[in-house]
Amino acid sequence: MIGKLLTIAMRNLRRQRRRTIFTALTFAVAVFIYTVLAAVPLTMDRIAENASKGLRLIVTERNNLPLPARYCGTISKMPHVLGCAPEMLWNAIYRDPRDVIITYGVTPDLISVGSSSDYQIPPEIRKEFWADRRTVAVGAELMREEGWKLNEPIILRDPQNPKLTLTFIPIVALPTEYLSRVFWFHRIMLDDAVKNLFGVNLQDAAAFLVVRVDRAQNMGLVASEIDENYRNSWAETDTNTESDSVADVVTSIGDVKAIIYSLCVVILLTVLLIAANSMAMMVRDRTSEVAVMRALGFQRTHVATLLLSEAACIGLTGASLGAAAALWRFGRGVSLGPVTGMLGYMEVRPATAIAAVAIALAVSIVAAAFPVLRAVRIAPATAFRKVI
């Protein structure tokens, strides 16, 4: 019986093709936008979760000034510390002056802060990286975004000082979400260039320090010891976990999650109202059919199943189109721009698309429920009277 009702429902959708198509397109557009918006905080949460597995602390200067790189010598000797690496930031441009690329100058100490949960660079590539100061490790998304290729030289320049130009050779594309837009280079390249051009020595300067801790339960203890050790010094420290630092990057541009989830709710309510209006018109057009079916002995459940099936088919078809479009466009990931630095990355995953389709299907059924319930409660004689 249910199979026959579904067949009839599919045939009924062809009667008002224009209405069916536009309603389905409404679901498609809404699901596309919803899927893309929801993917942003979900991707950020995955990045923060991956960062927490590294058992690392990020040490910055309390007033956002450079830190002495020599701090790592003292920090490395503290209990429960496995390694410390200073990193230098350099904001460079490739071709478009508006497209700022955030690069990170590193030293061989970077190896000491790596963990088993991180992406493991093959030993031969790692050896090549440290042997040639021109080589760089670049995130796969940044490589794709800029059109770079492995082993082909790229030239970056300082937006404020045109004379400061460096040539790099990417030898590895880092495939993980967390490192999707990272740009690691030998900081000695920048140190020597600045010293030769401007006579400024940057060797003891660091934008931040990365500290590896032995166990998760010691993270807070080490962070407190670092900050206490440099309290009242000319460069006081502010130490946070790596996952908290990731979250700070997102919150620095506003309460992104709250805004996105609010937009998602608005989208759902809008689609709910549009779908309810379409279903109300569809049920009104079916008044005579409902009367005939009820007069022929069809139960209310049969009529309700028929009408709800039509709504579900429209919602499912439109939602599937929207989710498929989101996967096709953003399934490989996309940059969120230089504002969020190396964390500016978003990827739509199949699980997110499936969840969006399920929500849209539920919305279509809920939107149709009220007009359908009104239709099936009308007595056949009353329904005929309305038609006549």
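May I ask you to list the residues in segment 132-159 that are closer than 21 Å to Arg98 by Cβ and either out of contact with any strand residue (DSSP E or B) (no Cβ under 9 Å at 6 or more places or on another chain) or among the hydrophobic types (A, V, I, L, M, F, W, C) (or both)?
Those that are closer than 21 Å to Arg98 by Cβ and either out of contact with any strand residue (DSSP E or B) (no Cβ under 9 Å at 6 or more places or on another chain) or among the hydrophobic types (A, V, I, L, M, F, W, C) (or both): Val138, Leu142, Met143, Gly147, Trp148, Ile154, Ile155, Leu156.
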Can you tell me how many residues in segment 160-201 are under 29 Å from the mean Cα position of the chain (by Cα), surrounded by fewer than 21 Cβ atoms within 10 Å (Cβ to Cβ) and polar (S, T, N, Q)? 1
Being surrounded by 14 or more Cβ atoms within 10 Å (Cβ to Cβ) and of a type in the set (S, T, N, Q) is the filter; apply it to segment 202-228 and report the residue that is nearest to the chain's Cα centre (by Cα). Asn218
In segment 137-149, is there at least one residue being touching an Asp or Glu at 6+ places or on another chain (Cβ under 7 Å) and farther than 22 Å from Thr241 by Cβ? no
Verdict on Leu42 being under 30 Å from Cys264 (Cα atoms), part of a helix (DSSP H, G or I) and in contact (Cβ under 8 Å) with a residue 24 or more places away in the chain: yes
Could you please find all residues in segment 171-194 being charged (D, E, K, R) and at pLDDT 90 or above? Arg187, Asp191, Asp192
Within segment 33-61, the residues that are of a type in the set (S, T, N, Q) and at pLDDT 80 or above are Thr35, Thr60
Just to be sure I understand the filter: pairs with C-beta atoms under 7 Å, separated by 6 or more residues or on different chains, first member in segment 129-157 and free of Cβ contacts under 8 Å to residues at least 24 places away in the same chain and farther than 18 Å from Val106 by Cα, second member surrounded by fewer than 20 Cβ atoms within 10 Å (Cβ to Cβ) and among the polar types (S, T, N, Q). Which pairs pass? Pro153/Thr167
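The values are calculated or read from the model by the stated rules, or taken from the named source; none is laboratory data. Every value quoted in this text rests on a predicted model; they were computed, and no experiment measured them. Neighbour counts run over all protein chains shown; Cβ positions are idealised from the backbone, glycine included.
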